[in-house]
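Structure, as structure tokens:
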Amino acid sequence: MTWVGLAIALVGALGYALGAALQQFEAVTEGASLALVRRPRWWIGGVIGFAGASLHAVALSVAPLVLVQPVSVATLVFAVPLAATLHGRRPRPAEIAGSVAVAAGLLGLMLLVPARNVTPVLSDTAALGLIGCVGLVVAVTFSAARLVRGPAKALLTAVGAGSVTATVSTFVRVVGGGLGGDLSRLVTWFTLAIPVLLVCAVVLLQKSYAVGYFGIAYAGVQVVDPITSVTAGAVLLGEPLPSEPGKVVPALLATALLIGGTVTLGRLAPDHARPRPVPEEPADAVGAARA
């Protein structure tokens, strides 16, 4: 079932990447405001992204968190070119190189995590503590984002958004992985917390996308999400982390790729909304103004 979960996760991640690219295009155009709900393409992106997230949830119910989360990293190399195409341009070579470096670095780190499928158990105290810690991260990153501009702003907001999406993944893993075929186990406050956290994640993601630096924003979410999820899986759910000394060098190399790719994406120019044409005044109005 682990391989089935990974296959489902890959399909879901591709859908999530396409949905993110569509929503980013609209967020840059309209800003992270309620005006987005009047944009059909934003809704289409949301539906596709939700379908991808739903498949991700199914994958988490049949495979370990530490294996499912890294699969989404590979979609970074698809999401960035998709976003560039929507903005009417070809992907920049630096975008491709940065995306591949980030994906390879994070995938390398995730592959170092040993696989062991354990039944996830999360106490109420630990769950509330996780939500509190993530809330603090969001408060700090979004407060700091108000003081900066450009790629730094996009990265800070992405860190906050990524921490919330990681919390959603952790809760989904606990609920889905703990079912054991008994649907009555869905009756828990964890199940109710998932859609609330998901809405918060969507709002924060739009704010990150609206800055215009999709590469760094998407990469930031893709890095923070799995790292936070793996950490939560290890600390709270008892899932294993690597401990062998021989994995130190590969981990350092993967980290160097991760940092280098992030810096490369952060140095790129942003995508801005296309200027809307100014409506021409009627000829009789122009003549009256001259008179």
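The values are calculated or read from the model by the stated rules, or taken from the named source; none is laboratory data. Note that this is a predicted model, so its numbers are computed, not measured. When we count neighbours, we look across all protein chains shown, and the Cβ atoms used for this are built from the backbone with ideal geometry, even at glycine.
Numbers for the structure displayed
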item: Residues (farther than 30 Å from I96 by Cα, part of a loop (DSSP other than H, G, I, E, B) and of a type in the set (G, A, S)) located in region 171-218; result: G178, G180, G181
item: Criterion: under 24 Å from the mean Cα position of the chain (by Cα), farther than 30 Å from S33 by Cβ, at pLDDT 70 or above and aromatic (F, W, Y) - qualifying residue of F214, F190; result: F190
item: Subset of region 13-40 (residues that are modelled with pLDDT of 85 or more, farther than 19 Å from A161 by Cα and part of a helix (DSSP H, G or I)); result: P40
item: V4 being modelled with pLDDT of 85 or more and surrounded by fewer than 21 Cβ atoms within 10 Å (Cβ to Cβ); result: no
item: Flag if L147 is surrounded by fewer than 19 Cβ atoms within 10 Å (Cβ to Cβ), in a loop (DSSP other than H, G, I, E, B) and at pLDDT 90 or above; result: yes
item: From T157, T125, T119, residue being under 20 Å from the mean Cα position of the chain (by Cα) and not charged (D, E, K, R); result: T157
item: Test: V159 is touching a residue at least 60 places away in the same chain (Cβ under 8 Å), of a type in the set (A, V, I, L, M, F, W, C) and buried (at least 21 other Cβ atoms within 10 Å of the Cβ); result: yes
item: Single match in S184, S169 (criterion: without any contact (Cβ under 8 Å) to a residue 12 or more places away in the chain and either crowded, with 24+ Cβ neighbours inside 10 Å or of a type in the set (S, T, Y) (or both)); result: S184
item: First in region 193-206 and modelled with pLDDT of 85 or more, second anywhere and basic (K, R), Cβ under 8 Å, 6 or more apart; result: none
item: Test: V174 is under 17 Å from H56 (Cβ atoms) and exposed (fewer than 14 other Cβ atoms within 10 Å of the Cβ); result: no
item: Residues within region 87-108 that are surrounded by fewer than 19 Cβ atoms within 10 Å (Cβ to Cβ) and of a type in the set (V, I, T), tallied; result: 2
item: Subset of region 211-229 [among the aliphatic types (A, V, I, L, M) and surrounded by 24 or more Cβ atoms within 10 Å (Cβ to Cβ)]; result: V211, I216, A217, A219, V221, V223
item: Residue match in region 152-170 (condition: outside any helix (DSSP H, G or I) and either more than 21 Å from A254 (Cβ to Cβ) or at pLDDT 85 or above (or both)); result: no
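Let's see how each residue does on (1) within 24 Å of L155 (Cβ to Cβ); (2) surrounded by fewer than 24 Cβ atoms within 10 Å (Cβ to Cβ):
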{"position": "W189", "(1), (2)": "no, yes"}
{"position": "V199", "(1), (2)": "yes, yes"}
{"position": "Y209", "(1), (2)": "yes, no"}
{"position": "V235", "(1), (2)": "no, yes"}
